[in-house]
Amino acid sequence: MDDNIACFHVGSSGSDIARNWFAVFTVPRHEKRVEEHFLLRKIENFLPLYRRERQWKDGSKGMLQLPLFPNYIFVRIGHGERVSVLRVPGVISIVSGPKPLPVPDSYIHFLREGLRHGKIEPHPYLTAGTRVRIRSGVMAGLEGVLLRKKNNFRVVITLEMIMRSVTVEVEIEDVEPVSRTTCASQLQLAATA
């Protein structure tokens, strides 16, 4: 089953001054509809989609474009634009703790590049495993858990604030173990052989 092809959409508005990416929690199965509303309102957004072949009970096959993170879409907004995002039909909340939790620009860039190259697919959220750091390529510096899938190695990258993970295909030579004294970031990569 081929689930490595990706599509994404981005709208844009305004300048980049004091604008950060945030994860937006949506009504289930409304991510694409919310994206349409963001585009109409000129709110910069990113809905990471991947393709998965599907076979139905009647034997017919088709290719689906599914959200990489079900119930989530990313928006790039300034502090004053939060209310306009929350007014969009289908939006439940902007992911935050005691204060807003921005998603690093590097994570959005990583997602776009990984999807463009077809090397990202959804993965269950992980909390344990041997931590590694990617040493080279577009994702250099990201940390996570190493998995083995058939003859390939993959690193699981987790966005803690929304408790979701994705896997990225890597060469074993491109990862190194992370010492336990390294500070944890919002992005985690886990490695188990």
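The values are calculated or read from the model by the stated rules, or taken from the named source; none is laboratory data. Since the model is a prediction, treat every value here as computed from it, not as a measurement. Positions of Cβ are backbone-derived with ideal geometry, glycine not excepted, and every protein chain shown enters the neighbour counts.
In segment 151-168, how many residues are more than 10 Å from the chain's Cα centre (by Cα), within 16 Å of V24 (Cα to Cα) and not charged (D, E, K, R)?
The number of residues fulfilling the criteria is 2.
Part of a strand (DSSP E or B), in the same structural domain as F46 (by TED's automatic domain parsing) and in contact (Cβ under 8 Å) with a residue 24 or more places away in the chain: is that true of I108 in this structure?
no
Inspect segment 72-87 for any residue being assigned to a helix (DSSP H, G or I) and among the basic types (K, R) and give the result as yes or no.
yes
Being charged (D, E, K, R), farther than 18 Å from L111 by Cα and surrounded by fewer than 18 Cβ atoms within 10 Å (Cβ to Cβ) narrows it down to one of E176, E160, so name that one.
Matching residue, one of E176, E160: E176.
Does V75 satisfy the condition of being crowded, with 19+ Cβ neighbours inside 10 Å and β-branched (V, I, T)?
The answer is yes for V75.
Considering each residue of segment 35-62, count those that are under 21 Å from the mean Cα position of the chain (by Cα) and in contact (Cβ under 8 Å) with a residue 24 or more places away in the chain, and give that number.
15
Quickly run through segment 31-70 and pick out the residues that are assigned to a loop (DSSP other than H, G, I, E, B) and surrounded by fewer than 19 Cβ atoms within 10 Å (Cβ to Cβ).
R41, K42, W56, K57, D58, G59, S60, P70
Residue by residue through segment 85-105, note down the ones that are surrounded by fewer than 16 Cβ atoms within 10 Å (Cβ to Cβ) and either of a type in the set (G, A, S) or under 17 Å from the mean Cα position of the chain (by Cα) (or both).
Within segment 85-105, S93, S96, G97, P104, D105 qualify.
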